[in-house]
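Undergrad: Supplied in structure tokens, the structure appears directly below.
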Amino acid sequence: MNIEKIRQDFPLLNSKNGHKPIVYLDNACQSLRPQAVIEAVQRYYEQTPACAGRSMHRLANEVSRQVDEARQTVAKFLHANRKEEIIFTRNTTEAINLVANALDWKPGDVVLLTDKEHNSNLIPWQMLARRFGVCLKFVPSNPDNTFNLSAYQQALQGGVRLVAMGFTSNLDGVSIPAEEVVRLAHKHGAQVLLDAAQTAPHQRLDVRRLDADWVAFSGHKMLAPSGIGVLYGKYRLLEAMQPFLVGGDTVASSTYEDCQFLPPPEKFEAGLQNYAGIIGLAAAIRYLQQIGLEAIEKHEIALNQYLSEALKSVPGLQIIGPADARLRGGIVSFFIPGVDHHRIALMLDQMAGIAVRSGQHCVHSWFNARGIPGSVRASLYFYNTQEETRQLVDALIKIRKVL
């Protein structure tokens, strides 16, 4: 990859645009957007600002064509069997809630999670536990935060209906062995939902090879506009599921007493959709495919290895997760005992123009269970450079002397 050439595609990183220099290391929260995505969204609002699937005029027909093309683009990106297995949502959170609320639950049904799930893949299941008596079980991680396969196998013995797990953790960047997780779950009669919000932007996803029943991810973490997400589901399961949100565009016809729902994906896409976001997502996927997910993953791991080694020079700093940076993808989450993590993040921004995230990263349960107030998270993407990671380390050394 030609990183310097790539950086010119991102207005915030393009020095020619006169922006104040910034080192953007908050990609696990939200990525930057390349000019190609910005232009795709702009074209929609300037040239075809109409509804898809409703009116018959040429503007509406063009939006319908682009939405259909975007659905095909996402299906090919995931290696899905058919485009109808792709449902557009607002984000990963809505996609997970869709599954949680579209299945019929009985008291005692078991949902199996890991001990470091994002709130988006924890709270929906807690709500089911309150409403229907669903039981939640958690697979404890190994001491280094890697996936405990033996504990998972043991948990499956008790009869599990659904395994719902984050493919890649936004806490520490560790990925679960997803193919083995799915295989074992199906062997025990359980279905599988994978939260791939931190996976889709960084590594190749093949839903047919994974054989997961549902996969959810968000566009805003992978160069696309905010407010657009995806739920992939096996078509036979989508056919059997009840819709979660209902109303306009979900039905073929209705009377005062009843309605006839459309087939998937329409029956799950209620109301006016984020057409600009859908079109922008397709543009983002095309951009990522031009670079190559394999090249992106390789670059991030190399940066993580360099950064993790350099951080050893910061007194007292502790990295969350395994020591081997190759197991943490593009995430380096760290804390310094006794030093406020928010203060570190503010000083990085004010002193060095470095943007990171501080807090508990929507994984409050993990932090609270261990009595850790929070961490600073530097999350890398393909447009970041080794020089930027060096700037982070140099700034942390200076901050450590002050605090």
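Undergrad: For the structure I just gave you, tell me whether GLY277 is more than 16 Å from LEU392 (Cβ to Cβ) and not assigned by TED's automatic domain parsing to the domain that holds GLU388.
TA: For GLY277, the condition - more than 16 Å from LEU392 (Cβ to Cβ) and not assigned by TED's automatic domain parsing to the domain that holds GLU388 - is met.
Undergrad: Something else: Would you confirm whether or not the stretch 34-41 contains a residue that is touching a residue at least 24 places away in the same chain (Cβ under 8 Å) and touching a strand residue (DSSP E or B) at 6+ places or on another chain (Cβ under 7 Å)?
TA: no
Undergrad: In the stretch 125-153, how many residues are over 16 Å from ASP109 (Cα atoms) and in contact with a Phe, Trp or Tyr (Cβ under 7 Å, 6 or more places away or on another chain)?
TA: So the count comes out to 2.
Undergrad: Could I ask something else about it? Tell me yes or no: at least one residue of the stretch 168-181 is touching a Gly at 6+ places or on another chain (Cβ under 9 Å) and among the acidic types (Asp, Glu).
TA: The answer is yes, given that some residue of the stretch 168-181 is touching a Gly at 6+ places or on another chain (Cβ under 9 Å) and among the acidic types (Asp, Glu).
Undergrad: Filter the stretch 355-370 down to residues that are within 19 Å of ASN142 (Cβ to Cβ) and not aromatic (Phe, Trp, Tyr), then give me how many there are.
TA: The qualifying residues number 4.
Undergrad: Mind checking which pairs have a first residue in the stretch 50-62 that is small (Gly, Ala, Ser) and a second that is in a loop (DSSP other than H, G, I, E, B), Cβ under 8 Å, 6 or more apart or different chains?
TA: ALA50/HIS57; ALA52/GLN273; GLY53/ASP249; ALA60/ALA50; ALA60/CYS51; ALA60/ALA52; ALA60/GLY53; ALA60/ARG54
Undergrad: Say whether the condition of being buried (at least 20 other Cβ atoms within 10 Å of the Cβ), assigned to a helix (DSSP H, G or I) and assigned by TED's automatic domain parsing to the domain that holds ALA52 is met by at least one residue in the stretch 130-147.
TA: No: the stretch 130-147 contains no residue that is buried (at least 20 other Cβ atoms within 10 Å of the Cβ), assigned to a helix (DSSP H, G or I) and assigned by TED's automatic domain parsing to the domain that holds ALA52.
Undergrad: Another question, then. Of these, PRO124, PRO107, which one is assigned to a helix (DSSP H, G or I), within 19 Å of ALA190 (Cα to Cα) and outside the structural domain of HIS361 (by TED's automatic domain parsing)?
TA: PRO124
Undergrad: Report, ordered by the first and then the second residue, all pairs with beta carbons closer than 9 Å, sequence separation of six or more or different chains, a first member in the stretch 357-383 that is within 20 Å of TYR24 (Cβ to Cβ) and in contact (Cβ under 8 Å) with a residue 24 or more places away in the chain, and a second member that is of a type in the set (Lys, Arg) and assigned to a helix (DSSP H, G or I).
TA: Qualifying pairs under 9 Å: TYR383/ARG7.
Undergrad: Related question: Looking at GLY280, is it under 21 Å from the mean Cα position of the chain (by Cα), of a type outside the set (D, E, K, R), closer than 18 Å to ALA52 by Cα and at pLDDT 95 or above?
TA: Judged against the criteria, GLY280 is a match.
Undergrad: On to the next question. Assess whether VAL110 counts as being at pLDDT 95 or above and under 30 Å from MET241 (Cβ atoms).
TA: Here the answer is yes, as VAL110 does meet what is asked.
Undergrad: Among the residues of the stretch 27-76, write down those that are hydroxyl-bearing (Ser, Thr, Tyr) and either touching a Cys at 6+ places or on another chain (Cβ under 9 Å) or within 19 Å of LEU272 (Cβ to Cβ) (or both).
TA: Passing the criteria: TYR44, TYR45, THR48, SER55, SER64.
Undergrad: Related question: Out of the residues in the stretch 20-75 that are basic (Lys, Arg) and within 17 Å of GLU269 (Cβ to Cβ), state the one that is modelled with the lowest pLDDT.
TA: ARG54
The values are calculated or read from the model by the stated rules, or taken from the named source; none is laboratory data. No experiment lies behind these values; they were computed from the predicted model shown. With ideal geometry, Cβ positions are generated from the backbone for all residues, glycine too; neighbour counts draw on all protein chains shown.
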